[in-house]
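The values are calculated or read from the model by the stated rules, or taken from the named source; none is laboratory data. The model shown is predicted, which means the values in this text are computed figures rather than measured ones. Methodologically, a virtual Cβ is constructed for each residue, glycine included, from the backbone with ideal geometry; neighbour enumeration extends over all protein chains shown. Heads up: the accessible areas ignore ligands, DNA and RNA and are worked out on the full protein's heavy atoms, side chains in. Shrake-Rupley method; radii C 1.70, N 1.55, O 1.52, S 1.80 Å.
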Amino acid sequence: MKYYFAPMEGITGYTYRNVHHEFFPGIDKYFTPFLTPGTKKLMTPKELRDILPENNKGYNLVPQILTNQAQDFIRLAKELREYGYEEINLNLGCPSGTVTAKKKGSGFLEFPTQLQKFLTEIFENLDMKISIKTRIGKDEPEEFTELLKIYNQFPLEELIVHPRIQRDYYKNEPRMEQFEEAVERSKNSLCYNGDLFTKARCEEFFEKYSTIEKVMLGRGLLINPALVEQVKTGALLEKETVKAFHDRLCEVYTEVMSGDKNVLFKMKELWFYMGNLFIDNQKYLKKIKKSQNLKEYQAVIEEMFQVCPLEVKGMNDER
């Protein structure tokens, strides 16, 4: 089984990826938060820093592009190849309203004729591995039948399927009927993405879909950064490891960012997910949210790690 780490805008940049890989090696592919090329500028300075090879040593990184303009995709892909990248991922999954209103991400799925033309153009002009991360439709799951026919016309490196429609966002259960349609009819190699939050859920998926050899984990890894290691070895998550990972991440953010405010923003965003690791955490998560400086924040963290037990049942054993 191959394990991929899904991108999360604002969280899984190179700093996070480096520290995660340091503590929890075993991810087969990390994906960058989406890059949005424009006609005048291919990458912002922040996006450039995120893909620089010197900032991403020791692991396999795939840049992800968000656009509905074939020429912008082609120009950025060629630029990324100059930096040594051989695979590019197209984002057809982002459900954000600000993205889909521009007919990008999962918003592009509403226009299958334009999507087919887009894919034809990029495959005719690029000699690179191209993968797609897709939802199953914009408004209705039945849209996936036509989308799959389009994807089958192209030699994708892989098709990563998140079986929700755009308006589901991350609510409701994944629509596994459509994923099973992909298992039956896809001519491209498949990767599954969606709600694999625990070891038990992963094992349940592996048993039911034994022919699938790749999964992408996102929110599950942000909650429990050791999830892949647990699935592979059965090892239980230790509080000391979580603390060491947290402290190293905070330390590195402090080194590369200016001022407590910016570091706190990053750490508070992460606790929206990682807070689920702890029992009786609400008092401490509120204090984290209200922290005004790193000294105050660190004091709350130290107390929480001392007082709150890990949610072992939720993270290690049960759904």
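Ignoring ligands, DNA and RNA, what percent of the accessible area of segment 22-81 is carbon or sulfur (1.4 Å)?
Summing carbon and sulfur atoms, their accessible area is 51 percent of the total for segment 22-81.
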So if I take the alpha carbon set of segment 94-231, get Rg, then get Rh from the Kirkwood formula, what is the Rg over Rh ratio?
0.97
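Once the convex hull of the alpha carbons of segment 1-148 is built, what does its volume come to per residue, in cubic angstrom? If you can, show how the numbers build up before the last one.
Values: hull volume 18.2 nm³, N = 148.
Dividing the Cα hull volume of segment 1-148 by its residue count gives 123 Å³.
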Quick one: length gained pulling Lys103 to Lys208 fully straight, 0.36 nm per residue minus the C-alpha distance?
34.3 nm
Of the listed pairs Lys171/Lys266; Lys57/Lys261; Lys239/Lys290; Lys57/Lys283, which have alpha-carbon separations greater than 32 Å here?
Lys57/Lys283
So, with a 1.4 angstrom probe, what is the percent of accessible area on segment 180-230 that is carbon and sulfur?
42 percent
So how do 11-23, 73-85 stack up, highest first, on mean other-Cβ count within 10 Å?
11-23, 73-85
Can you tell me how much longer the chain between Glu121 and Arg75 gets when fully stretched, taken as 0.36 nm per residue apart minus their C-alpha distance, in nm with one decimal?
15.4 nm
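For a Förster distance of 22 Å, can you work out the FRET efficiency between the beta-carbons of Lys261 and Glu302, rounded to the nearest 0.05?
That gives a FRET efficiency of 0.60.
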Could you provide, to the nearest whole Å², the per residue accessible area of the chain with probe 1.4 Å?
47 Å²
Please work out the C-alpha center-to-center distance from segment 32-90 to segment 262-311 and express it in whole Å.
33 Å
Can you say what percent of the DSSP beta bridges in segment 1-137, counting only those with both residues inside, are antiparallel? Round to 5.
0 percent
Do me a favour and compute the ellipsoid semi-axes for segment 179-319 from its Cα gyration tensor, root of five times each eigenvalue, largest one first, whole Å.
34, 17, 12
After finding the eigenvalues of the alpha carbon gyration tensor for the chain, what semi-axes result from the square roots of 5 times each, listed largest first in whole Å?
33, 24, 17
Does anything in segment 279-307 have its amide N under 12 Å from the 7 Å Cα→Cβ label point of Thr254, and if so which residues?
294-299
By the gyration tensor of its Cα atoms, with a ≥ b ≥ c the square roots of the eigenvalues, what is the shape of segment 224-296: rounded for a/c under 1.5, prolate for a/b over b/c, or oblate?
oblate
Counted charge near Asn188, where neighbours are those whose Cβ lies closer than 10 Å (Asp, Glu -1; Lys, Arg +1)
-1
